Amino acid sequence: MFAASFKMNKLAAVTFLCSFTVLFAIIWIFFAFGVFQPETAQVENLGKYSLKVSDKEETTAFFRQFGLNVDFTNCVQREIIIPEKFDSLYEEYNNLQKSQGLDLSKYKGQNAQQRIYPIITDNRQEYYAVLIVIRDKVVGGHLNTGGIDEPLLNFLGDKA
């Protein structure tokens, strides 16, 4: 039988514990602040789809997954903050997100970019695609006609 032992002085023990604590804190920060964001989502009717929108090419590819073509020249962008606490309206909105494989509750309190794109259609009706983006990945969004009383739709065109 082989046994090994080692002796650790107090300074080495304190150094080890501090190093371990710092490493744990760094890993916790990465997960807590969404640094490890998924690059894909999955929804039953479509399967796995990409969430990357770092440039025009990736954004075009994102929308094409849903059969959409958008107008980049009239895109409107603004900074938003996802609420820390969801009221009933935001819970309902998050249910729409869940219907397309996303979940905004993972990003509560975080800054995000809202991008609104006009959708190019064959008819004259106006539609808009709204993306909520954090670190060049879609974390939420919807489709609508821009009307106040119009229902919001998921990227597949379904109500939640």
Fill in: Subset of region 84-119 [surrounded by 12 or more Cβ atoms within 10 Å (Cβ to Cβ) and in a loop (DSSP other than H, G, I, E, B)]
Phe86, Ser99, Gln100, Gly101, Leu102, Asp103, Lys108, Gln110
Worksheet item: Do we find a residue being on the phi > 0 side of the Ramachandran plot and touching a residue at least 24 places away in the same chain (Cβ under 8 Å) anywhere in region 84-91?
Response: no
Worksheet item: Do the conditions hold for Phe155, that is, is it closer than 20 Å to Gln37 by Cβ and touching a residue at least 40 places away in the same chain (Cβ under 8 Å)?
Response: yes
Item to complete: For region 127-160, name all the residues that are closer than 21 Å to Ser54 by Cβ and of a type in the set (Asp, Glu).
Response: Asp136
Worksheet item: Out of curiosity, is Glu150 assigned to a helix (DSSP H, G or I) and of a type in the set (Asp, Glu)?
Response: no
Worksheet item: In this structure, does Phe31 turn out to be more than 17 Å from the chain's Cα centre (by Cα), at pLDDT below 90 and outside the structural domain of Ile119 (by TED's automatic domain parsing)?
Response: no
Worksheet item: Of the numbered conditions (1) touching a Phe, Trp or Tyr at 6+ places or on another chain (Cβ under 6 Å); (2) of a type in the set (Gly, Ala, Ser); (3) surrounded by fewer than 15 Cβ atoms within 10 Å (Cβ to Cβ), Ala129 satisfies every one except a single condition; which is it?
Response: (3)
Fill in: Selection from region 120-133 of residues that are closer than 20 Å to Gly157 by Cβ and assigned to a strand (DSSP E or B)
Tyr127, Tyr128, Ala129, Val130, Leu131, Ile132
Item to complete: For residues that are modelled with pLDDT under 80 and among the hydroxyl-bearing types (Ser, Thr, Tyr), tally how many sit in region 34-57.
Response: 0
Worksheet, complete the sentence: In region 119-146, anything touching an Asp or Glu at 6+ places or on another chain (Cβ under 9 Å) and small (Gly, Ala, Ser) is listed as Gly140, Gly146
Item to complete: Considering only region 137-160, state which residues are touching a strand residue (DSSP E or B) at 6+ places or on another chain (Cβ under 9 Å), exposed (fewer than 15 other Cβ atoms within 10 Å of the Cβ) and among the charged types (D, E, K, R).
Response: Glu150, Lys159
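The values are calculated or read from the model by the stated rules, or taken from the named source; none is laboratory data. Quantities reported herein were computed from a predicted structural model and do not represent experimental measurements. Heads up, the Cβs are rebuilt from the backbone with ideal geometry, glycines too, and the neighbour counts pull from every protein chain shown.
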